[in-house]
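Report on one structure; see the data block that follows.
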Amino acid sequence: MTTLSNDLKLEMYRRMVRIREFELTAMDVFKRGLIKGTVHPYIGEEASGVGVCMALRSDDLIAGTHRSHGHNIAKGADPARMMAEIFGKEAGYCRGRGGSMHITAFETGSLGALAVVGSGLPIAVGAALGFLMQGKDSVAVPFTGDGGTSTGNFHEALNMAAIWKLPVVFVVENNKYAVSTYYRDAVSIEDLSARAAGYGIPGVRVDGFDVLKVYAAAGEAVERARSGGGPTLLVTECYRIEGHYAGEPEVYRDRAEVNEQRQYDPIRRFAAVLTQDGTATAEQLEAIHQEIQAEMSAAVEFAQNAPMPDPSTALDYIYA
Amino acid sequence: MTNLTRDAVSLGAKAPVMPPDLIVQIPAGVPAKEMTMAEAIREALAEEMERDPRVFLLGEDIGKHGGAFGVTRTLFDRFGAERVRNTPISENTIIGAATGAALVGMRPVAEIMFVDFSGLAMDQIANQAAKLRLMTGGQAKVPWVLRMPQGGGAGKSTAAQHSQSLEVWYAHIPGLKVALPSTPYDAKGLMKTAIRDDNPVIFLEHKLLYSFRGLVPEQDYSLPFGKCDIKRLGSDVTIIASGYMVWHAMLAARTLEQEGISVEVVDVRTVSPLDEETIGASVRKTGRALVVAEACRSYGPTGEWAMVVMEQAFDYLKAPIRRLAGRFSPVPFADSLENGMWPDTEDVIAAARDLMQY
């Protein structure tokens, strides 16, 4: 880890804080009735998305999910245009047509945010096949959760990527809950990475609260994919601190369990690493928080002031 | 699958043969070759693969085996395993992979062995490929073609899970286009357009039509989507049909002509987008409309076409709109039950005669 530059580590920290603040802001504007629809907070999983996405190049493409604010920010997307999207504004990345669950920034390397669980995996397989056929060395990185590992998408996609040795890193963020269902009630094994064995590909399990560990594991998997070594199943062990969506009643778990998990807060944990190894002082980190909070205020202002899509364009973007 | 495949192909050879001169599409003097619809589709695929290195094929058993109906036969030897890509039995990921490859600039042509199996891929077709363009505000385009054999018919006897006509499943989804050719000429020309189109295209191939022969121009050509094709001009009754039903309509028209009834046949060769103008113009001219489809009657294509007639030509109607459609039933195996499942030439003749009573 000591080989990482201070700039890189601070950028990781900045993006983790940006995700946290974006989610807190999104939940706030949702609860205040400023936006409609729904918001699926990524709080508690910041180290996973940032550790993976910062191990990627801009021409490596991610496939997101309904819970992909974090993946977009981790890949470098602009929070103001993301905020405009969840406000349903023309200035949003998807011109207000997608909303929270479908924020997609092609400019920073995305295939889409697909809100049917597991559905991004086959699409990433195809992108990787395309890369291979075009002679490119890009990598496709689909995200899903523990729930996604029970879908047919997961089985078919891992199998196809494995037989064709495609450059895919399948990232399973084990946040422990598929809506209300604890993962051990849906899966008969404790270690989800063990599923890789059935496809003859490496399965790697990593502490998803530790951004440096995620970054290292993702980097290794990406390198293997890029150099023709085929796909990897990377499982990041994290926890969904908030409900499935903002305001979800969470009747299926104890507050004590959630409070215990809050102790592993990936941002606080990384802050301790950064101050201890001399990368930054507590004051410098605090300044990042201030800077990002100001960024979010500006993002909300931008989103609120941006125009809605013109109703006369309702039939645009259905066919190319 | 192997036995079924062999059966399907051999039964296809025993399919009722329509007089090939029923549909004439190439003017005399235009250099043309006679070929089956399967060959016409294969030729379109091969020419597009030659023309554009981004075009590739993927699907179950499409390699050496050539697909369940032999459409891709010889292409594996010609283009290799990279571009004629045999897949595992994973319908959803065949389509998902086509979508992902299309998103990064390839132009995949996927095959699902029978349209009946496409339910396994429905999320990737209807939720992902069809919606990505709108969901991303126009950032994404998904130029793929999904080829699927469909349909049943006398002597096929492939029962409930290999005989359906499902064009409306897909025509109902905004973002998709749907083609259902009735002749080798249409199949080749529409396939070329489908491959060059920047949207996901569902290309439905009627199994009975694979062995039908017809003339195909030697020169490169393509046919437009969103346009019906008038297969026969007439003045008394408009028959609106697609796929195999076009042939019943054409054969019926020949008999009816001898009775002094002049039939116009409008072939809805692209089910979506639907060419409402041509349907409307024809019925405004004839004043009588008969809609014929192999797909099930309830909520089927005939209901949609009839409504188009109401919207476009109500004031011109001399008679109520009549419809002929597949029985609302899973397809049974036994001949005694399968017979009568779908409209045939006699049904069309009788319905047209009825319409002339008004």
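Placing +1 on the Cβ of every Lys and Arg and -1 on the Cβ of every Asp and Glu, with nothing else charged, gives segment B:229-355 a dipole about its Cα centre of roughly 200 debye. The peptide list A:232-238, A:147-153, put in order of mean Cβ contacts within 10 Å with the highest first, becomes A:232-238, A:147-153. The mean sequence separation of alpha-carbon pairs under 8 Å and at least six residues apart, normalised by the residue count of segment B:247-316, gives a relative contact order of 27 percent. Calculate the FRET efficiency for B:ARG353 and B:LYS285 from the Cβ-Cβ distance with a Förster distance of 22 Å, rounded to the nearest 0.05. For B:ARG353 and B:LYS285, the calculated efficiency is 0.65. Solvent exposure of the protein assembly as shown amounts to 37 Å² per residue of accessible area, where only protein heavy atoms count and the probe is 1.4 Å.
Note on the protein assembly as shown: with charges restricted to the Cβ of Lys and Arg (+1) and Asp and Glu (-1), its dipole about the Cα centre is near 700 debye.
The amide H of B:THR238, built 1.01 Å from its N in the peptide plane, has B:GLU264, B:ARG288, B:ALA289, B:LEU290 as neighbours under 5 Å, considering only residues 5 or more places off or on other chains.
Between helix B:2-13 and chain B there is an angle of about 40 degrees, using the helix long axis and the longest principal axis of the Cα atoms.
Can you tell me how chain A classifies by the Cα gyration tensor, rounded, prolate or oblate, using a/c under 1.5 as the rounded cut? It comes out rounded by the Cα gyration axes.
What is the helix-to-structure angle for B:276-286, meaning the angle in degrees between its Cα long axis and the longest Cα principal axis of chain B, kept from 0 to 90 and rounded to the nearest 10? The two axes meet at around 20 degrees. Which of the lysines could a cross-linker span from B:LYS318 if the Cα-Cα distance has to be under 17 Å and same-chain partners fewer than 8 positions apart are dropped? Within the straight-line cut-off, B:LYS318 pairs with B:LYS285.
Only beta bridges with both residues in segment A:6-295 are counted; by DSSP, about 10 percent of them are antiparallel. Would you mind calculating the relative contact order of segment B:2-217 from Cα pairs under 8 angstrom and at least 6 residues apart, reporting the percent as a whole number? For segment B:2-217, the relative contact order is 28 percent.
The DSSP beta bridges internal to the protein assembly as shown are antiparallel in roughly 20% of cases.
Count the DSSP beta bridges whose two residues both fall in chain B, then state the antiparallel fraction as a percent rounded to the nearest 5. Of the beta bridges lying entirely in chain B, close to 25 percent run antiparallel.
Where the centroid of each part is defined by its Cα atoms, how far is segment A:91-141 from segment A:272-296 in Å? Here the answer is 31 Å between Cα centres. One decimal place: the segment A:ALA256-A:ARG268 gains 2.4 nm when fully extended, by the rule 0.36 nm per residue minus the C-alpha distance. Shape analysis of the protein assembly as shown places it in the prolate category; the axes a ≥ b ≥ c from the Cα gyration tensor give an a/c of at least 1.5, with a/b above b/c. Nearest 0.05, what FRET efficiency do B:ASP21 and B:SER262 give at R0 = 22 Å with Cβ-Cβ as r? Step by step, r from the Cβ atoms, then E = 0.75.
The A-B contact accounts for roughly 3200 square angstrom of buried accessible surface, both chains included, probe 1.4 angstrom.
The order of the peptides B:297-306, B:86-95, B:332-341 by mean Cβ neighbours within 10 Å, most packed first, is B:86-95, B:297-306, B:332-341.
Farthest toward the positive end of the dipole of segment A:215-296, out of A:CYS238, A:THR279, A:VAL251, is the Cα of A:CYS238, where the dipole comes from beta carbon charges about the Cα centre.
Each peptide in B:314-324, A:128-138 receives the mean, over its residues, of other Cβ atoms within 10 Å, and ordering these scores from highest gives A:128-138, B:314-324. For chain A, modelled as a Gaussian network with Cα springs under 10 Å, which listed residue fluctuates most, A:PRO142, A:PRO249, A:PRO266? Of the options given, A:PRO249 has the highest mean-square fluctuation.
Working from label points 7 Å from Cα in the Cα-to-Cβ sense, the B:ASP335 to B:ASN86 distance is 3.6 nm.
Take the Cα of A:ASP310, go 7 Å toward its beta carbon, and the backbone nitrogen atoms of segment A:78-100 under 19 Å from that spot belong to A:88-98.
Note on segment B:102-174: Cα-Cα pairs beyond 16 Å make up 55% of the total pair count. Taking B:GLU294, B:GLU264, B:GLU311 as the candidate residues, the one with maximal mean-square fluctuation in a Gaussian network model of chain B, Cα springs under 10 Å, is B:GLU311.
Candidates A:ALA303, A:THR149, B:PRO184 compared by Cα position along the dipole of the protein assembly as shown: farthest toward the positive end lies B:PRO184, with charges placed on Cβ. Taking a straight Cα-Cα cut-off under 15 Å and skipping sequence neighbours fewer than 8 places away in the same chain, the aspartates and glutamates within cross-link reach of B:LYS192 are B:GLU39, B:GLU43, B:GLU47, B:GLU48, B:GLU50, B:ASP52, B:GLU205, B:GLU218, B:ASP220.
The mean of 1/r over all pairs of different alpha-carbon atoms in segment B:217-287, once inverted, gives a Kirkwood hydrodynamic radius of 12.6 Å. For segment B:266-328, a/c is not less than 1.5, where a ≥ b ≥ c are the root eigenvalues of the C-alpha gyration tensor, and a/b does not top b/c. That puts it in the oblate class. For peptide B:252-263, the mean count of partner chain Cβ atoms within 10 Å of a residue's Cβ comes to 0.
Note on B:55-61: average number of Cβ atoms from other chains within 10 Å of each residue's Cβ is 1.
Counting Cβ atoms of other protein chains within 10 Å of each residue's Cβ and taking the mean over peptide B:105-113 gives 2. Temperature 4 °C, viscosity 1.567 mPa s: under these conditions the Stokes-Einstein estimate for segment A:172-320, based on its Kirkwood radius over C-alpha pairs, is 67 µm² per second. Legend: calculated FRET efficiency, A:TYR182 to A:ASP137, from the Cβ-Cβ distance at R0 = 41 Å, rounded to 0.05, equals 0.55.
A simple spin-label model places the labels of A:SER297 and B:ASP315 6.4 nm from each other, with each point 7 Å out along Cα-to-Cβ. A dipole drawn for the protein assembly as shown from +1 and -1 charges on Cβ atoms has a positive end, and of B:VAL84, A:PRO266, A:ALA26 the residue lying farthest that way is B:VAL84. When the pairs B:LYS33/B:LYS207; A:LYS136/A:LYS165; B:LYS141/B:LYS177; A:LYS176/B:LYS131; A:LYS165/B:LYS64 are compared against a 25 Å limit on Cα-Cα distance, A:LYS176/B:LYS131 fall above it.
The values are calculated or read from the model by the stated rules, or taken from the named source; none is laboratory data. These numbers were taken from a predicted model, which means no experiment stands behind them. Cβ sites come from the backbone with ideal geometry, for glycine too, and all protein chains shown count toward neighbours. Accessible surface is based on the protein model in full, side chains and every heavy atom, while ligands, DNA and RNA are left aside. Shrake-Rupley method; radii C 1.70, N 1.55, O 1.52, S 1.80 Å.
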